[in-house]
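**Student:** First the structure, which I've put down as structure tokens, then a few questions once you've had a look.
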Amino acid sequence: MENTNRETAIKMTGVKKRYRLGQIGGGTLQADLQSWWARIRGKEDPNTKIGEETRLVGQTFMALNGIDLEIYKGEAVGIIGTNGAGKSTMLKLLSRVTAPTEGEIDIYGRIASMLEVGTGFSPEMTGRENVYMNGAILGMTKAEIDAKMEDIIEFSEVRDFIDTPVKRYSSGMYVKLAFSVAAHLDSEIMIMDEVLAVGDVNFQQKCLQKMKKVATEDGKTVLYVSHNMSTIRQLCSRCIVLDQGKCIFEGDVEEAIAIYTNRNAVEIKKEYDVSMTPRQFETTQKCHIDKIKINKGELDSNENLSFELHTNSTCDITNALLRFVLFNQSGNVIGMSYSELYSLKKGSNTHEFIFRTDKLAPGEYYVDLIQCEYDGSIQIRHDILNKVFAFEIIENEIQYNMKWNKYGWGPINFDKLTVR
């Protein structure tokens, strides 16, 4: 492996983290007694949430189940996975917030981490005092912290409030100061857990550029958890995919993102029976989408997508409206289209819809459908289906013998420029 001569920053060997379930934490004495009595009788816990997937081993939950991983100095490594995959647990172990149940973790260097907004800050202390406290925790002297204080304040954009108790900060101000502290103090490893989602767009880009700089120029190691695949692509040189507490992939960023997105992908097929698909949003259900048929799952860029919608309506609807929302393979919304107004009669209905695909770049796309009624002033939502079907635009050469680079050029292939 080409990394064998590089210095190790973090090494995890056979790491497991197990939590005992049902001992405390029901929220009330009654709930705890109910859970205890159910365990005694070998029954299902009545306080367990329906549909909540867990990795149960007896009365324990395996948050991490055998992680073997080596991360090198100067790397920016992304960690991705669905909610509950074990990402935050891994970062808590590396930050020494908690200890592994089994296995070993070797860390070579000091760690500055942001696991959630406000972590490591004392709310009663001012921003400046919290900077000194965080520096002292990392083993820095007051003189060393003083030398970096101006850079920290400048980067954080909270100069006017630096001597205000942080309990009065907004979540965005917390993030700005906390990130600035983590990025500028003398640590060899930075750990970031989705915290940039709170900051504004400009500050997010500023933070990403800073993290990239500290990894490539300053030789620090960066571990970054995010559900935003665009920021993973911008920052990371390697990526890890976690699923059900296990590492299922480590390596190239694009391969990792493809594995992550495909595990949650919608199968491309010509017919979808959605009559029993659970709905996640409250709607009137006056009109219920039962079946979708599409003309082709794989389309050339010059072919239109045609899909047939089979619905069942409880009454006549004269001003029906269909909203069509399009997402790319990374889960980012691309755009939306409306249908013309049309009529639905009480009972079964079938309508065909045409969507032009000539502006889409090659790749897979997912569709949300929202069945509405327009009363002249507002849209009344009768049914909503998320990622209900998928289709793919086949890669082919665009003009001048070029193939489309979707990561460099985006999902939309615009019309030609006019030359005058």
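Nothing in this text is a laboratory measurement; each read-out follows from the coordinates by a stated rule. Because the structure is a prediction, the values reported are computed rather than measured. Reconstructed Cβ throughout: ideal geometry from the backbone, glycine too, with neighbour counts over all protein chains shown.
**Student:** Could you work out the helix-only [θ] at 222 nm for the chain, with each DSSP H run of four or more residues adding -39,500 (n - 2.57) and the total divided by the number of residues, to the nearest 500 deg cm²/dmol?
**Tutor:** -7000 deg cm²/dmol
**Student:** Which GluC sites (Glu not before Pro) from segment 243-346 combine a DSSP loop assignment with at most 12 other Cβ atoms within 10 Å?
**Tutor:** Those satisfying the criteria are 267, 282, 340.
**Student:** Amide H to amide H under 5 Å from residue 330: which residues, 5+ apart in sequence or cross-chain, H placed 1.01 Å off N in plane?
**Tutor:** none
**Student:** How high is the relative contact order of the chain, in percent, with contacts defined as C-alpha pairs under 8 Å that are six or more residues apart? Can you show the working numbers first?
**Tutor:** Details: 830 pairs, mean separation 56.2, N = 420.
Answer for the chain is 13 percent.
**Student:** Moving on to the next point. Given the Cα-Cα distance of residue 414 and residue 170 and 0.36 nm per residue of separation, how much length would full extension add, in nm?
**Tutor:** On the way: separation 244, 0.36 × 244 = 87.84 nm, distance 4.03 nm.
Here the answer is 83.8 nm.
**Student:** Same structure, new question: Loop only by DSSP, 15 or fewer other Cβ within 10 Å of the Cβ. Give me the chymotrypsin sites (Phe, Trp or Tyr not before Pro) in segment 269-335 that pass, ordered by residue number.
**Tutor:** Values: sites: 272, 281, 307, 324, 327; in loops: 281.
Passing both the DSSP loop test and the Cβ count: 281.
**Student:** Please arrange 33, 242, 321 by how many other C-beta atoms lie within 10 Å of their C-beta, fewest to most.
**Tutor:** Working: 33 11, 242 24, 321 19.
Ranking 33, 242, 321 by Cβ neighbours within 10 Å, fewest first, gives 33, 321, 242.
**Student:** Using a simple spin-label model with points 7 Å from Cα along the Cα→Cβ vector, what separation in nm is obtained for residue 141 and residue 285?
**Tutor:** Reported label-point gap for residue 141 and residue 285 is 7.1 nm.
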